[in-house]
Amino acid sequence: MLARYKVFGYLAGATTARTADEMSGPALLLLGLAIAGSARTAALLYAGLTVTAAAGGPPLGALLDRAGRPGRLLAWALGGYAAGLAALTVSMGHAPVALLIAVAAAAGFLAPALAGGWTSRLADVMPAGQLSRGHALDAATYNVACLAGPALAGLIGADGGARWAMATAIALLVLAVPAAAGMPGRAGTGGGNRPPAHRGLAGDLRAGAAAIIGLPALRRITLASTVAYLGIGMFIVACPLLGRRYLGGAAEGALLLTVLAAASLVATAATARWPVRLRPDTFFLIATATAGCGLAALAFAPAAAPIIAAVALTGLADGPQLAAVFAVRQREAPPRLRGQIFTTAASLKLSAGALGAALAGALSGYSATVVLVAAATAQAAALLSYLAAGRGRPAAGVAQVASPAREASAVEEASAVQASPPALCLGPEARGSAAHGGRPAGGTAR
């Protein structure tokens, strides 16, 4: 019963925090437009909030790995993010724009806590044999947040004003703090699960980068998922273009993002309820190929109904794709580096999404079709990059870091086979992956 409560608290906190994160960007844009009266200022504030998140992932993850109670550090990060948003809300219209951008950048540095930082702690609250299902549920929290966050920002901003939209995002972050602070200590407190005390933060950062590059499965999934997310950034830019051409207006096109998130939520809920007996690596390839087909169909869809169907197909692939990425990371990441690997990978995907959006902006002068063909091509490139990254053996030195994780994986697989249902979202290998301090299958970005 206690374990179930811990999992519920984790999922409730993750959903609340991620909904606040999804609200904060649109709410900040609305606040910049309403108070500063300038689209340029609003865009600069939004850029400040998002760009530094890419830099914040590795050090925040390394600190989580070093903490005996990572949940408490997550709680401080959530509080810092909320404080930054509150400072922006109060000072907007009174402080120089340069100072506001600096505050936004400082707050954005903590944003990875809401994504990879939170996901990296799932093994501390979820039984080993349930981890693959847990990652599917964790992925679903991203989908819920993507549905609820922007909608809440728009509705509250339209009815009560932009400051109230920001205030709601801040309140949700504060509500998530107890869930983060209440997380138990890391699963397994042996020395193999903690970075060597003498190594220092810089050494941890080097070790984390070496693990991502040197462990073949981590290298493949990190590279491929990052390349695939270029296409998502392009898709987001294409939505208003499709709306303007086929759906009656750019605003209606933005609703396609809701269709994507809803379909993704349905798919992740379904895979959590009815497990799929596939290795997460294989499942990632299938989901990425399906997303590519959906985007290719969307590029040439001639009317509203086919457009919605193609977006739904892309969403049905998007949720399980994220769950599979979580699964591989959880299985392969050495326990003492897991937080850093999750937050670094999330930062890389965030950067890829921003780059994809920028590329789509450059291509949008041609047509939405060109943008969406590029997005589908990104999925094909992700598949090719997965294959090109090769299998091979762990790099020298990295093998020593990975070995304890693999040994733990074997132990947990044995217990999971006895204690769990036949398959949990992504099958037996995902259960074994849960093993090493927890790394099985999993979502979103987001």
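The values are calculated or read from the model by the stated rules, or taken from the named source; none is laboratory data. Computed from a predicted model, the values in this text were never measured in an experiment. Note: ideal-geometry Cβ built from the backbone for every residue, glycine included; neighbour counts use all protein chains shown.
Here are the numbers for the structure shown:
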item: Count of residues meeting criterion [in contact with a Ser or Thr (Cβ under 6 Å, 6 or more places away or on another chain) and either assigned to a loop (DSSP other than H, G, I, E, B) or charged (D, E, K, R) (or both)] in the stretch 98-144; result: 2
item: In the stretch 238-277, the residues that are touching a Cys at 6+ places or on another chain (Cβ under 7 Å) and either part of a helix (DSSP H, G or I) or basic (Lys, Arg) (or both); result: 253, 254, 256, 257, 261, 271, 272
item: One residue from 64, 74, 78, 28 being part of a helix (DSSP H, G or I) and over 19 Å from the mean Cα position of the chain (by Cα); result: 28
item: Residue match in the stretch 181-192 (condition: more than 20 Å from residue 341 (Cα to Cα) and modelled with pLDDT of 80 or more); result: yes
item: Answer from 304, 296, 312 - the residue that is over 17 Å from residue 385 (Cα atoms) and within 20 Å of the chain's Cα centre (by Cα); result: 312
item: Qualifying residue in the stretch 79-95 (condition: more than 19 Å from residue 44 (Cα to Cα) and not hydrophobic (A, V, I, L, M, F, W, C)); result: yes
item: For residue 176: the one exception among (1) part of a helix (DSSP H, G or I); (2) at pLDDT below 80; (3) closer than 30 Å to residue 333 by Cβ; (4) out of contact with any Lys or Arg (no Cβ under 7 Å at 6 or more places or on another chain); result: (2)
item: Count of residues meeting criterion [modelled with pLDDT under 85 and on the phi < 0 side of the Ramachandran plot] in the stretch 199-232; result: 15
item: Selected residue (only one of 354, 389, 399 is surrounded by fewer than 19 Cβ atoms within 10 Å (Cβ to Cβ), at pLDDT below 85 and in contact with a Leu (Cβ under 6 Å, 6 or more places away or on another chain)); result: 389
item: Residue in the stretch 268-316 that is surrounded by the fewest Cβ atoms within 10 Å (Cβ to Cβ), counting only those that are farther than 15 Å from residue 143 by Cβ and hydroxyl-bearing (Ser, Thr, Tyr); result: 282
item: Condition met for residue 82 (within 23 Å of residue 59 (Cβ to Cβ), modelled with pLDDT of 90 or more and crowded, with 21+ Cβ neighbours inside 10 Å); result: yes
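Okay, residues lined up against (1) hydroxyl-bearing (Ser, Thr, Tyr); (2) closer than 19 Å to residue 141 by Cα; (3) more than 17 Å from the chain's Cα centre (by Cα); (4) not in a helix (DSSP H, G or I):
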{"site": "325", "(1), (2), (3), (4)": "no, yes, no, no"}
{"site": "342", "(1), (2), (3), (4)": "no, yes, no, no"}
{"site": "345", "(1), (2), (3), (4)": "no, yes, no, no"}
{"site": "349", "(1), (2), (3), (4)": "no, yes, no, no"}
{"site": "356", "(1), (2), (3), (4)": "no, no, no, no"}
{"site": "371", "(1), (2), (3), (4)": "no, no, yes, no"}
{"site": "376", "(1), (2), (3), (4)": "no, no, yes, no"}
{"site": "383", "(1), (2), (3), (4)": "no, no, yes, no"}
{"site": "386", "(1), (2), (3), (4)": "yes, no, yes, no"}
